[in-house]
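Student: Submitted below is the structure of interest, expressed as structure tokens.
The values are calculated or read from the model by the stated rules, or taken from the named source; none is laboratory data. Note that the structure is predicted; figures quoted are calculated from it, not measured. Neighbour counts are summed over all protein chains in view; Cβ atoms, including those assigned to glycine, are modelled from backbone coordinates with ideal geometry.
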Amino acid sequence: MIPALGLLLGIVAGLVFDVSVPLALQPYLPIAVVAALDAVFGGLRAVMDGVFDDKVFVVSFVANVLIAAFIVFLGDQLGVGAQLSTAVIVVLGIRIFTNVATIRRHLFRA
Amino acid sequence: MRARPDLGQGAVAILVGLLGFTAVLQVRGEDEDLLNRARRADLIQILDGLTVRGDQLERQVAELEADRRELASGADSEQASLEQTATLARQLAVLAGTAAATGPGIVVTVNDPAGSLPARALFSAVQELRSAGAEAIEIAGADDQQARVVASTYVVDDGSGVEVDGVHLEAPYRFTVIGEPQALTEAMNFPQGLVDTVTEGGGRVTVTQDDEVVVDAVHESTPAEYAVPAPEEDAG
């Protein structure tokens, strides 16, 4: 219940405050958002499986975001930023799909 | 034991809230800073596209400027030919006697107390002036009556004086002539010329040369009733 409230609050804050993203963070923000989405869907799946743990979620969330951003940063330094960010998105996308599939099985028994 | 799950849930809530916040920011910023987030390869491609487009536009600008210059010079030459035509019109107006004229020339005063000077003598005086290169001629009589001499001018006897283009003139006659003064003066003194003729009849002729005489009698030009310009191809 509290996490849902937090999500709502965050969205409302994003809509209300017109904060522009710092230039240095702009290439990494989209990747970070996708990585965080992956962590959130992973957490939802854990809830469905009945094995959800706050600590695991927080750690995986932060680690996901940092690692994704770091990979893209590394790619930019190596001159393959565009390709690497695509790779990260693909991997995270696959993970999100897998998690969503498990959630779906729990919800619809199918 | 109660505090721990709340703390954990709070942390989860904060992280999820952060996700919502950044996701919304990202979505809202998407349409604004496309270039800021674009990578080097994309930027190079965009730059290439812009360079090509800029070249095209520059060529277009050059073409349009050439067109503009062409049109401007066309307008200039049109203006020049207009001025040329206007000058020609003024010169023709002097020739046709429809405009006043000024320039160097002579003033010839003919005193004819006997009133015996025939129109023929005046007309031959005009002919002599023309042969000496007179460019504008005006004949004035007593009482400020005056007539401009043009191509169609006639001179006939009319009682006590002469009639020039329908204007009755009486002695003393005054010719105002624009042309080369010396040549005109000599024309007046031809053997059997105006001076001779008038002197024989008991009159007196005075010729005055001047750097600036004014011919201000104007011929009323009437449109030709019968003669029309011949078509160009038949003319040659």
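Student: When segment B:1-25 is examined, which residues are found to be more than 7 Å from chain A (Cβ to nearest Cβ) and either in a loop (DSSP other than H, G, I, E, B) or at pLDDT 80 or above (or both)?
Tutor: The answer is B:1, B:2.
Student: Go through segment B:129-236 and tell me which strands (runs of 3 or more DSSP E), entirely inside it, have 1 or more residues that are surrounded by fewer than 14 Cβ atoms within 10 Å (Cβ to Cβ) and not polar (S, T, N, Q).
Tutor: Output list reads B:155-158, B:204-215.
Student: As an exercise: evaluate residue A:52 against (1) more than 7 Å from every other protein chain (Cβ to nearest Cβ); (2) in a helix (DSSP H, G or I); (3) crowded, with 16+ Cβ neighbours inside 10 Å and give the number of the one condition it does not meet.
Tutor: (2)
Student: With A:39, A:35 as the choices, which residue is out of contact with any Ser or Thr (no Cβ under 7 Å at 6 or more places or on another chain) and either surrounded by 13 or more Cβ atoms within 10 Å (Cβ to Cβ) or of a type in the set (Gly, Ala, Ser) (or both)? Working first, answer last.
Tutor: On the way: A:39 fails: out of contact with any Ser or Thr (no Cβ under 7 Å at 6 or more places or on another chain).
Only one candidate qualifies: A:35.
Student: Go over the candidates B:160, B:124 one by one and state the one that is farther than 18 Å from residue B:208 by Cβ and in contact with a Ser or Thr (Cβ under 9 Å, 6 or more places away or on another chain).
Tutor: Just one listed residue meets the conditions, B:124.
Student: Determine whether residue B:56 is of a type outside the set (Gly, Ala, Ser), at pLDDT below 80 and assigned to a helix (DSSP H, G or I).
Tutor: no
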